[in-house]
1. Please specify each residue of the range 276-285 satisfying the condition of being in a helix (DSSP H, G or I) and either of a type in the set (K, R) or surrounded by 18 or more Cβ atoms within 10 Å (Cβ to Cβ) (or both).
2. Please find, within the range 349-391, the residue that is farthest from the ligand (Cβ to nearest atom) out of those that are touching a helix residue (DSSP H, G or I) at 6+ places or on another chain (Cβ under 6 Å) and charged (D, E, K, R).
3. I need a count of the residues in the range 206-236 that are open to solvent by 10 Å² or more (accessible area, probe 1.4 Å) and touching a strand residue (DSSP E or B) at 6+ places or on another chain (Cβ under 6 Å).
4. Please indicate, with yes or no, whether at least one residue in the range 193-207 is without any contact (Cβ under 8 Å) to a residue 24 or more places away in the chain and farther than 23 Å from Q354 by Cβ.
5. Any chance you could count how many residues in the range 297-348 are within 16 Å of the ligand (Cβ to nearest atom), over 23 Å from T48 (Cβ atoms) and not in a helix (DSSP H, G or I)?
6. When the range 255-275 is examined, which residues are found to be small (G, A, S) and either touching a Cys at 6+ places or on another chain (Cβ under 6 Å) or open to solvent by 40 Å² or more (accessible area, probe 1.4 Å) (or both)?
7. Here are some conditions: (1) surrounded by fewer than 22 Cβ atoms within 10 Å (Cβ to Cβ); (2) at pLDDT 95 or above. D349 meets all but one. Which one does it not meet?
8. Residues that are aliphatic (A, V, I, L, M) and more than 16 Å from the ligand (Cβ to nearest atom): list the helices (runs of 4 or more DSSP H) wholly contained in the range 149-245 that include at least 3 such residues.
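The values are calculated or read from the model by the stated rules, or taken from the named source; none is laboratory data. What you see is a predicted model; the values in this text were computed from it and never measured. Cβ placement follows ideal geometry from the backbone for every residue including glycine, while neighbour counts extend to all protein chains displayed. Remember, those area values only see protein heavy atoms, side chains included, never the ligands or the DNA or RNA. Shrake-Rupley method; radii C 1.70, N 1.55, O 1.52, S 1.80 Å.
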Amino acid sequence: MFRISTHIVVGFLSALVLTGSLGSERSAAQAPASGVTALTNVRIIDGTGAPAVERGTVVISNGKVTAAGASAQVPAGATRVDLNGKTVMPGMINAHAHVQHQTKSMPMRDDLVRRLRLYASYGITTAVSLGQTTVEEQAEVIRLRDEQDTIALDRARVYTSGPSIRGLKTADEARRAVDRYADLKVDRIKTHVVLKEMGPEIYAAMIDQTHKRGLRIATHIFTLDEAKTVLERGADLIAHSVRDRDVDQAFITMLKDRNVGYIPTLTRDLSLVVYQTMPAFFKEPFFQRGMAVYREQVDMISQPAYQQKMRENPQTKVIEKALEQGTRNLKLLSDGGVMIAMGTDSGTDEGRWQGYFEQVEIEMMVKAGLTPMQAIVASTGNAARVSRLDHLGTIAVGKAADLVVLDANPLQDIRNLRQINSVWIAGRRMGTTGTN
Ligand SMILES: [Zn+2]
């Protein structure tokens, strides 16, 4: 039942404790969540797709946004933070993440927490983990989720789907699997769609049971046929790109009529093709700020033998084409008006860098032809909508004050998303995490 991660550990890892810049997050939460804070003179991108407000105010109280916009008033006694020249937007939400215990050198909880801090340090304030690997890990992620609304949160929020359901023989088994995870109080159900493995009637039963339990189901697909098969039976979310052929109008119409979101995960496929040689980005300072967590896998991927294996694997060429096709389909679907949400599949398998790859994903979405605003909406408002996280994703009254402040305007150049000035979660400013 549980998907076994093939890679979990190799390695000679020097004791990886939180070091350097990441470590400072621990102690440096600054804004008391109970006080009133006003971010003033700031460009506001609210995550809905509305035009940016050029000189606005965002008021935060008790972890939530209590006023926002051009005419929002600063309450008496509020702590003012003048952000002249900067941009504030909602914290980004990875709608297809994995928060998994990936090293044996560190206890599970410590590893999961440092990964959530890593996401946050890159501006990703929520990770929706679509697949856990063991019973223990599942329980720990649920504990982390359950405590996050009651503690002074100094890490990204996490939600979980339970393991990806696959390899079942009967509709009855499918219903029981859904019940098992629903009983654990997961946030949603995830399944791998491989029609040779499980027939449509099994997916139909799984989807039906998911809905009976008041949950929604995310689907791992590769082909257009797989995606349509599960959509016809009520699937709620397409969690990867269609990668075998161009999407057609029928598919676009189905997604829109059913209000189903689509998560491209372009960096998932990137991770299967880019390590044929030493990737240039290993040298980027923006990548290296995550090195305390990345080191183990960087060492593995840096081995010539690893890269040679990648070059010789016939699957690599297949995925190169799939990535091209997925990129093309993203543009077709976006132009067709489908709700696109950002997700990466980071945190599972090798070279899928939590934090860094969300940034790369968004850049790839823009390269695919989306506007910076569309890519930002996909990463904020839309990612919250497809994940049914109604309290997150936009800057509006009543929403959680999960924010990213940038030193430069990402609407002018999407790579300005890397210019992180500060990250706020539940109204609390995280410690300085980068080179700024
Ligand atoms: Zn995944």
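1. Filtering the range 276-285 down to residues in a helix (DSSP H, G or I) leaves 276, 280-283, 285.
K283, the sole residue that qualifies.
2. E363
3. We begin by selecting, within the range 206-236, every residue open to solvent by 10 Å² or more (accessible area, probe 1.4 Å); these are 208-209, 211-216, 220, 222-223, 225-226, 228-229, 232-234, 236.
Within this subset, residues satisfying the condition of being touching a strand residue (DSSP E or B) at 6+ places or on another chain (Cβ under 6 Å) are 215, 220, 236.
Qualifying residue count for the region: 3.
4. Keep residues of the range 193-207 that are without any contact (Cβ under 8 Å) to a residue 24 or more places away in the chain, which gives 196, 199.
From the residues that got through so far, the ones that are farther than 23 Å from Q354 by Cβ too are 196, 199.
Scanning the range 193-207 turns up at least one residue that is without any contact (Cβ under 8 Å) to a residue 24 or more places away in the chain and farther than 23 Å from Q354 by Cβ.
5. Looking only at that region, the number is 4.
6. Going residue by residue through the range 255-275, those that are small (G, A, S) are 261, 271.
Of everything in the range 255-275, nothing turns out to be small (G, A, S) and either touching a Cys at 6+ places or on another chain (Cβ under 6 Å) or open to solvent by 40 Å² or more (accessible area, probe 1.4 Å) (or both).
7. All conditions pass for D349, except number (2).
8. Working: elements: 171-183, 200-212, 224-232.
Once the helices (runs of 4 or more DSSP H) in the range 149-245 are filtered for at least 3 residues that are aliphatic (A, V, I, L, M) and more than 16 Å from the ligand (Cβ to nearest atom), what remains is 171-183, 200-212.
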